[in-house]
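Before any comments, here is the structure.
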Amino acid sequence: MVADEVPVDDKAKRMRDLLSSFYSPDPSISSNSITNPSKHDDINSDSFDPDHYMNILAHKSNLEGLLQRHVEMAAEIKNLDTDLQMLVYENYNKFISATDTIKRMKSNISGMETNMEQLLEKIVSVQSRSDSVNTSLFDKREHIEKLHRTCNLLRKVQFIYDLPDRLGKCIKSEAYADAVRFYTGAMPIFKAYGNSSFQDCKRASEEAIATIIKNLQGKLFSDSESIQARAEAAVLLKRLDFPVDNLKARLLEKLEQSLTDIKLKPAEINNPSVDLSPSVSAHKAAVHEFTEAVRAFRAIFPDSKGQLVKLAHDLITNNFVIAEEYVKTRICADDLLGVLRVIWDDVLLIDEVLQEAALSSNSFESAKVVVTLYVRSAFSHLLQDISDSLLKILIKDGGEECSLEVVLDASKKGVLKGGMDVLLDFRKILDHGSGILVRLRESITDWVQEGFQNFFRQLEDQFLQFSGKNKSSSIIDHDLAEGAQGDKAFAGLVLVLAQLSAFIEQTVIPKITEEIAASFSGGSVRGYDYGPAFVPGEICRKFRSAGEKFLHLYINTRNQRISLLLKKRFTTPNWVKHKEPREVHMFVDLFLQELEVIGNEVKQILPEGIRKHRRTDSDGSSASSRSNPLREEKLGRSNTRGRSQLLETHLAKLFKQKIEIFTKVEYTQGSVVTTIVKLCLKSLQEFARLHTFNRSGFQQIQLDIQFLRIPLRETVEDEAAIDFLLDEVIVATAERCLDPIPLEPPILDKLIQIKLAKTKEQTTIS
């Protein structure tokens, strides 16, 4: 450690040595401590030898070194002179200041001696006069004190003689505390002279005290008396040396029975139709009376601390249990805060008289349970409200169906406004300044974040349950009509779920996340090992995926219903013996009716899309019923060359412009309807491939498909794909036809016009 010390600067060391030598009383000590006599070349030592120093310096240094040393020594001499001058000036100023101070002290103290002599003379004069007054008044003062003692004794004697009458008056006015105070004050005199001078007074007083004891006992066990009054009676009995230890069990039982009056009544506390002042005031009065009884009980029975602590714990625990049941109902944050405020006031009052119970510390865990249950209950009620609004679709109210648009708006409002209202309630709890809630702030933040994470997970599970996993049970539970009406309601519910999932992903979760970041950030109870409590990215992914599932489920549900219609259409007739077509088949009307129902549903729920792939008249997609040239060429070749030429039809497909049939389904009316129509036409094509047709059957399919072109073009957004699929149905039927000769265009147009006129007439009549 010595080797690590930093060497002292030469100038500082030299300054220290100069000061030491100046102030040292013994120069020999200073010089011995500073220099080493054995070194003759040390310029600061007393044994310095100039000749020896110069010889060494000349021997070791050249001319340039000697000149440099000369300059350094001249600078050191100048610095030493300056330091010495400053040292002398500083000490000189101190001596001058000390001299001035001494002069001022001499001038200020010059007249003090005369004043002190005058003060001493006055003190001596006052003392002599005081002694003369005491001497002259000594006899009178002794006489006065003797008379005063006699007067006090007479008062006490008079008090003893008047004691029976006083006790009687106290009995009549029920002023038992004054009576006990009077009697206990006279007890020393009765003990000393009760058997001689004051025997009659003692006997009369004892009879009065016996009556008082009897009355106090009656008051102690009277149910009509308050706890405080009974406690005061017990204290008075104890002051009269009455054995009250045997009454401890009965008094404790009475105290336990009084807990029913302090039972928490949340409905009365938070009922706006009831004046809060009487309810709250009555509860506070009951708690105050209980605390006073506890204080008196401890004074009477010092060893009753354990029983009183148990009573206090039972009281607060029961109130928290009542609060737990109360928060499971539908209440707001103000209701919860009102209940917790009342409980916390009770805890503080009881802690003042019974600190051993430590209720304020033990109440923390109970309050945590209550607040946790409230958070869970709030999310549970919110989930129930959203479920009820969705299930209105499945419930028939007086035969009237609930509009999908109304249900969707109610569900959106329930999710968004309900979530924000829940956050507002939680914010009130978080900002409340109650002592019991301040310690729970970090925990409340974690509970809110975890609650929203679990709420959205449960909401997704509820959506999945409604979407068909428990479809039959849901329908039965809600008395849904069977058959077509049930399928329609279920499909509408699935469509609402799809749009609602998209709304939650795009609108609800961002707003909830923003509010949580602003008001409920932080929270460290969970710990970083468990990760964040609220993960909006995960929830968004879940609802995005769920929305897509619901949208596809709606499409599949509607497609399955139409597929059943198409299957029945193809399986019912004998296509080999089919008659010539005379009109468009009725299955086309049913098919269009189903599409109309689907269109009405999606118009209520989904926004409009952008129509694409519009085909102009140059593409052969005019409003007339005539086929495009390519299809006429195919069917013409089929008519002239027979089935051997079907290979050319397939070769023509290879050179036709490629059309993307199935694309991603968007949340738009056109996209959903177009996808359903595409799937139905593909099903129609597959059904056609499973049967064999004669010429009339083929022509009937041609007529039906040609009639569908105009309404389908008005319905879907991808006209090119629909035209392609319609052509595919005709081609597939031609491939399975024994004699694929199509109807002549004039005949085809005539039959279609007849059907249009008939449809228009029916529409006008309806």
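Assorted remarks:
- For segment 402-470, the percent of C-alpha pairs falling in each 5 Å distance bin, counted from 0 to the bin holding the largest distance, reads 4, 14, 16, 20, 16, 11, 9, 6, 4, 2.
- A Förster distance of 25 Å, applied to the separation of the beta-carbon atoms of THR329 and LYS284, puts the FRET efficiency at 0.55.
- In this calculation the C-beta distance from SER173 to GLN355 is compared with R0 = 30 Å, giving a FRET efficiency of 0.20.
- Long-range amide H partners of PHE693 with built H, under 5 Å: CYS737, LEU738
- Considering only GLN560, SER545, HIS578, and ranking their Cα positions along the charge dipole of segment 536-583 that arises from unit charges at the beta-carbon of Lys, Arg, Asp and Glu, the one farthest toward the positive end is HIS578.
- 23 Å Cα-Cα threshold exceeded, pairs from LYS678/LYS760; LYS214/LYS248; LYS263/LYS328: LYS678/LYS760
- D (Stokes-Einstein, µm²/s), Kirkwood Cα radius, segment 697-766, 1.567 mPa s at 4 °C: 97 µm²/s
- Convex hull volume of segment 84-150 per residue (C-alpha atoms, cubic angstrom): 125 Å³
- In Å², nearest 10: area of GLU515 left accessible to a 1.4 Å probe: 50 Å²
- Once backbone amide H atoms are built at 1.01 Å from N, ASP718 has LYS612 as its partners under 5 Å, excluding neighbours fewer than 5 places away on the same chain.
- The phi torsions of segment 664-675, fed into the Karplus equation with coefficients 6.51, -1.76 and 1.60 and a -60° offset, translate into couplings of 5, 7, 9, 7, 9, 4, x, 5, 5, 5, 4, 5 Hz, rounded to whole numbers, with Gly and Pro shown as x.
- Pairwise Cα distances in segment 43-110 exceed 19 Å in 61 percent of cases.
- Per-residue extension of 0.36 nm, minus the Cα-Cα distance of GLN458 and ASN93, leaves a gain of 122.5 nm for this segment.
- Projected onto planes of every orientation and averaged, the convex hull of the alpha-carbon atoms in segment 100-216 covers 16.3 nm².
- Reciprocal mean inverse distance between Cα atoms of segment 150-199 - Kirkwood radius, Å: 11.4 Å
- Pairwise centroid distance, computed over Cα atoms, of segment 163-202 with segment 96-142, Å: 58 Å
- The Cα-based radius of gyration and maximum Cα-Cα distance (Dmax) for segment 251-386 are 16.2, 60 Å.
- Fraction of alpha-carbon pairs over 20 Å apart in segment 44-178 - percent: 81 percent
- Peptide ranges 745-756, 159-170 listed from the most packed, as the mean C-beta count within 10 angstrom indicates: 159-170, 745-756
The values are calculated or read from the model by the stated rules, or taken from the named source; none is laboratory data. Note that the structure is predicted; figures quoted are calculated from it, not measured. Neighbour counts are summed over all protein chains in view; Cβ atoms, including those assigned to glycine, are modelled from backbone coordinates with ideal geometry. Keep in mind that these areas ignore ligands, DNA and RNA; they rest on the heavy atoms of the full protein, side chains included. Shrake-Rupley method; radii C 1.70, N 1.55, O 1.52, S 1.80 Å.
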